[in-house]
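One structure below.
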Amino acid sequence: MNVNLKYGRTTVSGTLPLSNVQTLTPRPYEVELGDLSSFLRQRLSNPTKGPGLDQIVKPGEKVVVVVSDITRTWTRTRDYLPTILEYLTDCSISPEDICILVARGCHRSQTEAEFKEIVGEDIFAKYEVVEHDADDPDGLSYVGTTTRKNPVYVNKRVVEADRVIMTGGIIHHAMAGFGGGRKSILPGISGRQTVENNHLHTLHPTEIAINPAIGSNKLQGNPLHEDMVEAAAFVNPDFLVNVVLDQHNEIVDFFTGHWLDAWAAGCELVNEIYGVRFDEQADLVVASCGGFPYDISLYQASKTFYNAGLATKTGGSLIVLVQAEDGPGSDDFFGWYENQTSEEFYTNLKANFSIPGYLAFLIFTIAQSRKVYVVTDCDAKQVAKMGVIPCESLQHAIDLACADLKDDAKVCIMPEGGFTFPIITS
């Protein structure tokens, strides 16, 4: 079987010598929205949940529009942001009173070219576009402490604004259950310590393991999600615009209005499209992140490791394609692999938690129970420290992985591993 998969901004190919192959992809979702701008304007006036945006904003108010960073360009912000800004103009909000805030959480800073890619060149030239800095104490304001004793510091511009509009996209998330919604606040525009306090809940409170309460499609009882909701409630954003897209990156709906209720409705559609059921875990899984920007770094590719790991039998083999034009995605990512055991990882994360450290631990945990082959442009010696086997090409990885497999081995292909959530039915 010939396999063609996305790799960064291109594709790579290989030939599988096995025939018991199943492909896991999101479900087709047929919908006709018509003109995207007209459809969104209807959703702004008649939201999924709550009052219309025109009933909320008042002339002369200062408005902050929170948008996703370069790692989330799949949300197609630049395609619908102009409609939101035009709508605000119709509501007598002048461009001078609007700030577009890029919610990069603890991710790296954006370049000017990336700002233009996120919002579009015309908007970048006309509006104030700034990015959040999680490490700038002068740019943060304290808004409250959650019941899990997390002091919440958020971007000062959001606190000082009259109105806050959150944008973004909803998809499964390996820690918070789902992306989008409240994540625009925490981690999106929160201080680093607030983010790390929240993400510390990824670790089991008493055992050397990842917390079983977290994971894709897990909301009730998920401490990360519940802490994020409390943090967002302190800000109490005025309006939400979140998209859900199909596997071809076409927008199939906008979920608008109340920042929590409208988002929750969007999560239901995400499960319908991306929650893919199949009978049993595979002996071999071959997974692409889905190309750029899903594989912009090893950090971001952790979503694919998580999803593909769920589809792979314990003791099975897993091939992950991650081009990683940004390399590891964090300066300290590879440094965490100085930890040689799960106990060392867990102990050091408890003492000095970092998000790159947790994601390194997640990949390490998967590689402890499965043989993992990674096709990447990252330095092979560094990649080998992860406990995985670096490969120079997809075919190289296939040849190594199939050498020990029987002819009837079950194989699973995941062309969009970063956003395909496997649900085992057996």
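The table below lists the values:
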{"quantity": "Most mobile of Asp331, Asp246, Asp162 in a GNM of the chain (Cα contacts under 10 Å)", "calculated": "Asp331"}
{"quantity": "Volume per residue of the C-alpha convex hull in segment 241-386, rounded to whole Å³", "calculated": "139 Å³"}
{"quantity": "Residue exposure sequence - Cys378, Cys91 - by fewest surrounding Cβ within 10 Å", "calculated": "Cys91, Cys378"}
{"quantity": "Computed Rg/Rh of the chain, alpha carbon atoms with Kirkwood Rh", "calculated": "0.97"}
{"quantity": "Cα pair distances of segment 1-123 binned at 5 Å [whole percent]", "calculated": "2, 8, 13, 15, 15, 13, 11, 7, 6, 4, 3, 2, 1, 0"}
{"quantity": "CD proxy at 222 nm, helix term only [per DSSP H run n ≥ 4: -39500 (n - 2.57); per residue of the chain; nearest 500]", "calculated": "-9000 deg cm²/dmol"}
{"quantity": "If the convex hull is drawn through the Cα atoms of segment 36-273, its volume per residue in Å³", "calculated": "121 Å³"}
{"quantity": "Within the chain, longest stretch clear of exposed trypsin sites (Lys or Arg not before Pro) (DSSP loop, no more than 12 other Cβ within 10 Å)", "calculated": "150-405"}
{"quantity": "Tyr373 long-range amide H proximity, modeled H, under 5 Å", "calculated": "Leu318, Ile319, Val320, Ile389"}
{"quantity": "Residue order, fewest to most surrounding Cβ atoms within 10 angstrom, among Ile185, Ile273", "calculated": "Ile273, Ile185"}
{"quantity": "Extension reserve of the Leu33-Ala113 stretch, reckoned as 0.36 nm per residue once the Cα distance is removed", "calculated": "25.8 nm"}
{"quantity": "Principal semi-axes in Å for segment 301-425 [√(5λ), Cα gyration tensor, largest first]", "calculated": "24, 16, 14"}
{"quantity": "Separation between Cα centres of segment 194-223 and segment 109-127, rounded to whole Å", "calculated": "34 Å"}
{"quantity": "Greater than 24 Å apart at Cα, pairs in Lys313/Lys406; Lys149/Lys350; Lys49/Lys303", "calculated": "Lys49/Lys303"}
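Any read-out appearing in this document is the output of simple, stated calculations on the displayed coordinates, not a laboratory observation. Everything numeric in this text was worked out from a predicted model, so none of it was measured. With ideal geometry, Cβ positions are generated from the backbone for all residues, glycine too; neighbour counts draw on all protein chains shown.
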